[in-house]
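Notes for the one structure printed next.
The values are calculated or read from the model by the stated rules, or taken from the named source; none is laboratory data. Predicted model only: the values in this text are computed from it and were never measured. Note that we place each Cβ from the backbone using ideal geometry, even for glycine, and neighbour counts take in every protein chain shown.
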Amino acid sequence: MERFLGRSGYAEDRILEFFARLIGDQFFVQKKDILVKDEGINYRSPLIAALIESYIEDLNASVTSKMSGSEEGTGEKQARIRALVLTEHEEVLANLRKLFAIAHFDSLIVSSDEALKEANKALSERAIVAMPASLFLAATQGFGLKAREFGFVVIEGADLFGDMPSEVQRRIWGYLLPPWQRRAVLFAEHIGIRTKNMALDFANDPETVILNKAQASLSQINTYMYRLNSQQKFKALLALIQENSQEGRGAIIVLCNLRQTLKELELRLELNHIKVKHISAADPNAERKALFMEFTKIEKEADKSQFVLVVSNDNLRVLPSEFASLAIHYDIPLDPDIYLERVRIMRPKASTIIGLVCERYEVGLSAINSRFGLQFELREPTQSMLEYRDESEGIPLRLEFENRSSRQKAERSAKQSKGPMKGEGPKSPQKAQHKKPIEDFHQSKRASQSKQKNLAQESPREDQGSELYSMSTDERLAYFRKKHRSILDSPTEPKLSPKKEEKTRSKPASAPLSFEKTMPAEKANRRQTASVADSVEANKGDENEAGSAKSDSPGIVKRFIERFFSEADERKD
């Protein structure tokens, strides 16, 4: 692939060469179908053309080495040395026409229905055919395109292709060779669920390859770091700003990790008489565009003026790609992906990145090195950098970070105190009348609660058991017996049926019970339990107070025995 890029005028594009190596390693070395996720269509045309040339050369070499096989098998392989490109962007199709002409490919580019009608015979003869995906079914059904002769198929714009109806996709797959009998490459800018499912149906277990322009430009940007103490970082920053502004590079982006650091840097740079602004995603678009234009203007003038943009990690996304040529990492990011996002805003050529490595964020440097395989140049700060005059030194900084929600609440309360604005009042008097009783109810409820609270504070509740601490154990037991007498007393006797009531009244309570006549023999072992219960109940009655002893209510155990024996007599009768 690098050979084709050199012949077609892309030899100086290091980013394109980096992408070609990534794709070639997976497709030709690992022998896998691939799903390529890129950042746009700019690099697709040369990559597709380089892939097709390398595929044809590789397959021709393998066919030549197997000429000892049967003639039929050789002819089948020669028929499959054809490539089909289905595109979704007209710009890619136009660029492929130019590249195929430069490489002298035996190709056919079909861009419209008229071109399809004119190229009826050439569809089955040319080795490479490229057309929009919308013309594929028409070319196959009405113009003799033999889709099963293509051993290599490229889908350009797989994310758009995946939005097609599933029935149309299945019809296209039905005309092509099965995925395990051909090779496939798909290009997509966004990989969603539909794109992944379509890739799994179209290709044979594709491998995802991510083409990141920032990662490709890592080796092209001049990068070096200074290792120093966190207390020395700001003086080193001032010295670097002054040094680069003297060289005509006064437009500088300073990158930090936290918003608090951003606010501190902005205040301290202003105290050192340096023009500084911060970039925030919450700012209006017009205000950000004005800052970008001013920054670009100062960068092009290349005079000794200074203009510093301070950006934190959470606001990097609003910066345009390839925006600046000089950036200073005041804080090394701990996440390698954030470092890659910082590199995105740098121009690949003639750019410089300077890092200040302190003990707090030094671990981020090792994470970046291990992730991308980079070894940055580490320098020691000069004495002049460490002794640079800092006019903000010793001045207390008032860093105020107001919460946006609290600010909005304050604004709403201020508006409510002034009265309803025009168009903010209730829409009808009925709503106002309905709203007023609700407010009165809540106000009265709050007033009653506050009143109860005040009364509780003025006259605290007397503790009824405050005298318990001075009582003995027996006195406390007697106190609680008397207090909870209503709980210990037996509940009222349940009502019995008339028949049971007559039998119960016929037997006086004081008469001794005849266990032999009323109880079966098999339940004789319960007699001792009943007599023991009676004695226990009698002892408890003696220990109770006089009022409780004279109570006419029988004990719980005694009533249970009487009820049980009455039921036994009834069953016996």
> Do the conditions hold for residue 253, that is, is it within 29 Å of residue 398 (Cα to Cα) and touching a Leu at 6+ places or on another chain (Cβ under 6 Å)?
Replying inline: yes
> Filter the range 69-89 for residues that are part of a loop (DSSP other than H, G, I, E, B) and more than 43 Å from the chain's Cα centre (by Cα); which is modelled with the highest pLDDT?
Replying inline: 82
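Per-residue answers, yes or no, for (1) in a strand (DSSP E or B); (2) outside the structural domain of residue 355 (by TED's automatic domain parsing); (3) farther than 17 Å from residue 345 by Cα; (4) of a type in the set (Ser, Thr, Tyr):
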| position | (1), (2), (3), (4) |
| --- | --- |
| 237 | no, no, yes, no |
| 253 | yes, no, no, no |
| 265 | no, no, yes, no |
| 270 | no, no, yes, no |
| 280 | no, no, no, yes |
| 303 | no, no, yes, no |
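Taking the options 199, 138, name whichever one is crowded, with 21+ Cβ neighbours inside 10 Å and either in a loop (DSSP other than H, G, I, E, B) or at pLDDT below 95 (or both). Full working, then the answer.
Numbers: 138 fails: crowded, with 21+ Cβ neighbours inside 10 Å.
Selected residue: 199, the only one of 199, 138 that is crowded, with 21+ Cβ neighbours inside 10 Å and either in a loop (DSSP other than H, G, I, E, B) or at pLDDT below 95 (or both).
Determine, yes or no, whether residue 93 is in the same structural domain as residue 202 (by TED's automatic domain parsing), under 41 Å from the mean Cα position of the chain (by Cα) and free of Cβ contacts under 8 Å to residues at least 60 places away in the same chain. Explain how you work it out, then say what you get.
Values: in the same structural domain as residue 202 (by TED's automatic domain parsing): yes; under 41 Å from the mean Cα position of the chain (by Cα): yes; free of Cβ contacts under 8 Å to residues at least 60 places away in the same chain: yes.
Yes, satisfied.
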>> Among (1) without any contact (Cβ under 8 Å) to a residue 40 or more places away in the chain; (2) within 20 Å of residue 264 (Cβ to Cβ); (3) among the hydroxyl-bearing types (Ser, Thr, Tyr), there is one condition residue 366 misses while meeting the rest; what is its number?
In response: (2)
> Out of (1) over 26 Å from residue 386 (Cβ atoms); (2) surrounded by 20 or more Cβ atoms within 10 Å (Cβ to Cβ); (3) of a type in the set (A, V, I, L, M, F, W, C), what's the single condition that is false for residue 290?
Replying inline: (2)
> In the range 159-178, is there at least one residue being hydrophobic (A, V, I, L, M, F, W, C) and closer than 20 Å to residue 30 by Cβ?
Replying inline: no
> Only one residue in 66, 98 is modelled with pLDDT of 90 or more and not acidic (Asp, Glu), so which one is that?
Replying inline: 98
>> Could you check the range 130-158 and list, in sequence order, the residues that are over 16 Å from residue 41 (Cα atoms) and of a type in the set (Val, Ile, Thr)?
In response: 140, 153
> So which residues in the range 159-195 are farther than 25 Å from residue 146 by Cα, touching a residue at least 12 places away in the same chain (Cβ under 8 Å) and assigned to a helix (DSSP H, G or I)?
Replying inline: 159, 194, 195
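Condition check ((1) under 19 Å from residue 378 (Cα atoms); (2) outside any loop (DSSP other than H, G, I, E, B); (3) hydroxyl-bearing (Ser, Thr, Tyr)) across all residues:
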| site | (1), (2), (3) |
| --- | --- |
| 317 | no, yes, no |
| 321 | no, no, yes |
| 327 | yes, yes, no |
| 331 | yes, no, no |
| 337 | no, yes, no |
| 340 | no, yes, no |
| 355 | yes, yes, no |
| 360 | yes, no, no |
| 365 | yes, yes, no |
